[in-house]
Amino acid sequence: MEKFPMTREGLQSLEDERRRLKNEERPAVIKAIAEAREHGDLSENAEYHAARERQSFIEGRLAELEDIISRADVIDTSKLSGKTIRFGATIVVADEDTDEEITYKIVGSHEADINAGRLSITAPLARALIGKTIGDSVAVMTPGGDKAYEVCDVRFE
């Protein structure tokens, strides 16, 4: 059984989503299904079909969350230190073409959100950065072409 590396914050976020789905979304959709059934003919009842579809999504997501949470390998990043990039590192990289600096935290694939600066450990940029230190450069193949980045800072928070 494969384990998923994950930060404590990432696990908490998944547990919060699971709790919300179980305690709020599931009861609401059950109520919506019951109300739609009261309207009569289910074969042409759009509200009923929409509620059943929502219920299916909720149950599927709950099963997925249960699986991920049960296989989470939580790594306490606050106990890590050093200047070598690895899981849990918060890094600042500079695009060598534009000198634009970008900050990322390397996290597990189930908690990644590039818009929030959380870069999946399986992402090409993260894989290229692992093991590098301040001042190192990496080249990464992106959908827009090759990009080069220089590591400006590495810290563990």
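So here's what we get for this one:
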| read-out | value |
| --- | --- |
| Virtual spin-label span in nm between residue 74 and residue 156, 7 Å along Cα→Cβ | 1.8 nm |
| Residue exposure sequence - 31, 79, 105 - by fewest surrounding Cβ within 10 Å | 79, 31, 105 |
| Principal semi-axes in Å for the stretch 77-156 [√(5λ), Cα gyration tensor, largest first] | 19, 15, 11 |
| Crossing angle, helix 46-70 versus the chain [Cα axis fit, 0-90 degrees, rounded to tens] | 40 degrees |
| Percentage relative contact order, the stretch 77-156, counting C-alpha pairs under 8 Å, at least six apart | 38 percent |
| Highest-fluctuation residue, 116, 46, 128 considered, GNM on the chain with Cα pairs under 10 Å | 46 |
| The chain: most fluctuating residue of 60, 145, 135 per GNM, C-alpha cutoff 10 Å | 145 |
| Choice from 68, 33, 85 showing the highest fluctuation, given a GNM over the chain with Cα pairs closer than 10 Å | 33 |
| Efficiency of FRET between residue 100 and residue 35 - r from beta-carbon atoms, R0 35 angstrom, step 0.05 | 0.10 |
| Charge dipole of the stretch 4-75 about the Cα centre (unit charges at C-beta), most positive-ward option of 75, 60, 32 | 75 |
| Residue order, fewest to most surrounding Cβ atoms within 10 angstrom, among 1, 141, 6 | 1, 141, 6 |
| C-alpha long axis of helix 26-37 to longest principal axis of the chain, angle in ° | 30 degrees |
| Residues 19, 52, sorted so that the one with the fewest Cβ neighbours within 10 Å comes first | 19, 52 |
| Distance between modelled label sites at residue 1 and residue 46, nm, 7 Å Cα→Cβ extension | 4.4 nm |
| Proximal lysines to residue 83, defined as alpha-carbon separation beneath 16 angstrom and excluding residues fewer than eight positions away on the same chain | 105, 132 |
| Given (i) 2, 9, 14, 15, 13, 10, 9, 8, 7, 6, 4, 3, 1, 0; (ii) 2, 10, 21, 24, 21, 14, 7, 2, 0; (iii) 2, 8, 17, 22, 22, 16, 9, 3, 1, 0, the label whose value is P(r) over Cα pairs in 5 Å bins from 0, in percent derived from this model | (i) |
| Reach of residue 22 by Cα under 27 Å, taken over lysines that are not fewer than 8 positions away in the same chain | 3, 31 |
| DSSP-loop GluC sites (Glu not before Pro) across the stretch 73-108, with at most 16 other Cβ within 10 angstrom | 96, 100 |
| Volume of the Cα convex hull of the stretch 4-75, divided per residue and given in Å³ | 68 Å³ |
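Since every read-out is calculated from the coordinates, none of them should be taken as a lab result. Remember, it's a predicted structure, so these values are computed and weren't measured experimentally. Heads up, the Cβs are rebuilt from the backbone with ideal geometry, glycines too, and the neighbour counts pull from every protein chain shown.
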